[in-house]
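Written below as structure tokens is the structure these notes are about.
Each value in this text was obtained by applying a stated rule to the coordinates, not by laboratory testing. Remember, predicted model here, so these are calculated numbers, not experimental data. Heads up, the Cβs are rebuilt from the backbone with ideal geometry, glycines too, and the neighbour counts pull from every protein chain shown.
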Amino acid sequence: MALVNMKDLLNHAYANHYAVGAFEIVSLKLLHAVITAAEQTRSPVILNIVEPHFDLFDVELLMPSVVDVARRASVPVAVHMDHCESLASVQSAIRLGCNGVMVDGAQDELPDNINKTREVVTLAHGCGVPVEGELGHVPGMKPDIDDDAKSVQTSANEARVFVERTNVDFLAVSIGTMHGVANGKLRLDYNRLSKINEAVNIPLVIHGGTGLTDQQYHKLIDQGVAKINYFTALAELIVAQTQKNLSKKEVGYRGMFANVHEALVAEVKRVMQVWRSAGRAAEILIQCSTWNNVEHVIVYNTNDNDPTVTQIMLRKGKQKLSSIPGVLEVRIGRATDDKSKYRYCWLVRFAHENVIENYKNHPVHVEFADSYFRPLAVDRVTNDYEIIDDMELARQFRA
Ligand code: 13P
């Protein structure tokens, strides 16, 4: 219901001086707590899935719940894939329902980072999906890799060139934060941040959001930070509360998790207040576009009397069309009534209306359509339908 365009959402935050929390979701417990906090504070929220943490959960299993929760929420939600390591992971993130992606080229040399990010931007924008790039390196994402320990701070001049050449929508910067828990208070370079903000003029992102003071968060937001990634504080809270529960005698399964949900909700609500996103839901829902999938529908008859020829065409189509960027699902239908004007249908779900043209012209589609489908299905009708969600329906009723 309230899956919104992430570019609209972060542009709104940037223009109105607040930051949207991107809370990392590694379990249904976190998903439940984060969305509860967002609903209770009437705050927008980003549900953040992080590729380097795929060892903690089965992403194919988790994602349908994440997308469903986002759609059913009454507050604005975006679903983002963080630290995508390749073009294939970006395509897979979009297929799983993400409407924002981040490409992690921060440890590459600048020209390589620009090339990698530009390739991702071309693919993602072709699917309507905005992209977060990263310049400079925020340490601590992969603590077991030596190189990861060094912080490389973002240069404003390089940031200008990076944004111009890649056309990213948001920029993650390194100005002194780190992933995980810091030893002591972090010293942040606000002067650097202010110069980056002036140079790029797009929403900025802070990775390693755990452990800053309220005053530090406010200064970051004042200098253009519109998205704050937050995980370690929540992970630690789960561990601490579970340990506390287990220290009691004879704790059962329920007892082990007692008060974990409540503690998580309280912490997420706290930062939503500090980051000034609380209470913003209504204005965002009015001002930002919703994220609607498109159903590409073809109804047709085949002119072949040999059912195996049709079967080969169907199998080829299902397998090949699913590999096109921005395709979420390919389904095949058969009429339940023999007297139907059209006996078969294809239902191809696209992430966004931008996919329509790219799909049509994609070599995989052209080859399948010209060699297998069109010669067999001369009698056909094709249409694209934007899926209208409940919120839009309610708005139309009010209008
Ligand atoms: P923390 O774990 O420090 O909160 O940072 C999370 C993050 O930046 C994920 O990309």
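Pop the C-beta distance of Tyr190 and Val239 into the FRET formula with R0 = 22 Å and round what comes out to the nearest 0.05.
0.10
Calculate, in nm to one decimal, what Ser340 and Ser27 gain on full extension: separation in residues at 0.36 nm each, minus their alpha carbon distance. Show your work: numbers first, answer last.
Details: separation 313, 0.36 × 313 = 112.68 nm, distance 4.51 nm.
Stretched fully, the Ser340-Ser27 segment lengthens by 108.2 nm.
What list do you get for Glu386, Glu250 if you sort them by fewest beta carbons within 10 Å?
Working: Glu386 14, Glu250 5.
Result, fewest neighbours first: Glu250, Glu386.
Once both labels are modelled 7 Å past Cα along the beta-carbon direction, what's the Val181-Val378 spacing in nm?
7.3
With a cut-off of 20 Å, note down the residues of the range 93-109 whose backbone N falls inside the zone around a label point 7 Å from the Cα of Ser322 toward its beta carbon.
93-98
Hey, with R₀ at 56 Å, roughly what FRET efficiency would Gln153 and Glu386 work out to, going by the Cβ-Cβ distance, to 0.05? Could you put the intermediate results ahead of the total?
On the way: r = 43 Å, r/R0 = 0.77.
Rounded to the nearest 0.05, the efficiency is 0.85.
Could you pull out every one of the aspartates and glutamates with an alpha carbon less than 14 Å from that of Lys185, ignoring same-chain neighbours closer than 8 positions?
Within reach: Asp214.
In debye, nearest 20: dipole of the range 1-136 around its Cα centre with unit charges on the Cβ of K, R (+) and D, E (-)? Could you put the intermediate results ahead of the total?
Values: 8 positive and 17 negative charges, 144 e Å.
Using only the charged Cβ atoms, the result is roughly 700 debye.
Mind listing P(r) for the range 158-307? All alpha-carbon pairs, 10 Å bins, whole percents.
9, 26, 25, 18, 10, 7, 4, 1
I need the Kirkwood Rh of the range 251-399: take the reciprocal of the average 1/r across all distinct C-alpha pairs and report it in angstrom.
Numbers: mean 1/r = 0.0515 Å⁻¹.
Here the Kirkwood hydrodynamic radius works out to 19.4 Å.
For all pairs of alpha-carbon atoms in the chain, what percent lies in each bin of width 10 Å, listed from the first bin to the last filled one?
Percent of Cα pairs in each bin: 5, 21, 29, 23, 13, 7, 2, 0.
Among Met313, Met272, what is the fewest-to-most ranking by other Cβ atoms within 10 Å? Show your work: numbers first, answer last.
Numbers: Met313 20, Met272 27.
With the sparsest Cβ surroundings first, the list reads Met313, Met272.
Per q in 0.16, 0.21, 0.29 1/Å, what log10 I(q)/I(0) does a Debye calculation on the alpha-carbon atoms of the range 2-50 return?
With no solvent term, the Cα-only Debye profile gives -0.46, -0.77, -1.18.
Over 25 Å between Cα atoms, which of Lys195/Lys227; Lys318/Lys360; Lys227/Lys360; Lys116/Lys316 qualify?
From the list (Lys195/Lys227; Lys318/Lys360; Lys227/Lys360; Lys116/Lys316), the Cα-Cα distance tops 25 Å for Lys227/Lys360; Lys116/Lys316.
Say each of Asp306 and Asp370 gets a label point 7 Å from the Cα, pointing the same way as Cα to Cβ; how far apart are those two points in nm?
My value for the distance between the label points is 2.3 nm.
Taking 7 Å along the Cα-to-C-beta vector as the label spot, tell me the Glu164-Arg315 distance in nanometres, rounded to one decimal.
5.4
If you place +1 on the Cβ of every Lys and Arg and -1 on the Cβ of every Asp and Glu, how big does the dipole about the Cα centre of the range 135-289 come out, in debye to the nearest 20? Walk me through the numbers on the way to the answer.
Numbers: 18 positive and 16 negative charges, 86 e Å.
Roughly 420 debye for the range 135-289.
Would you compute, from DSSP H runs of 4+ residues alone, the mean residue ellipticity of the chain at 222 nm, taking -39500 (n - 2.57) per run and dividing by the full residue count, rounded to the nearest 500? Each step should come with its number before you reach the end.
Numbers: 16 runs with 173 residues, N = 399.
Per the formula, -13000 deg cm²/dmol.
Can you find, among Val381, Val348, Asn358, the residue sitting farthest towards the positive end of the charge dipole of the range 342-399, where Lys and Arg contribute +1 and Asp and Glu -1 at Cβ?
Most positive-ward Cα: Val381.
Using the Cα centre as the reference, give the magnitude of the dipole from point charges on the C-beta atoms of the chain (Lys, Arg: +1; Asp, Glu: -1; all else neutral), rounded to the nearest 20 debye.
Values: 41 positive and 49 negative charges, 196 e Å.
Dipole of the chain, to the nearest 20 debye: 940 debye.
For the range 1-153, compute Rg over Rh where Rg is the Cα radius of gyration and Rh is the Kirkwood radius from the inverse mean 1/r over Cα pairs.
Values: Rg = 15.5 Å, Rh = 16.1 Å.
So for the range 1-153, dividing Rg by the Kirkwood Rh gives 0.96.
Pairs of Cα atoms under 8 Å, at least six residues apart: use those to get the relative contact order of the chain, whole percent. Numbers along the way, then the final one.
Values: 783 pairs, mean separation 75.7, N = 399.
Reported relative contact order: 19 percent.
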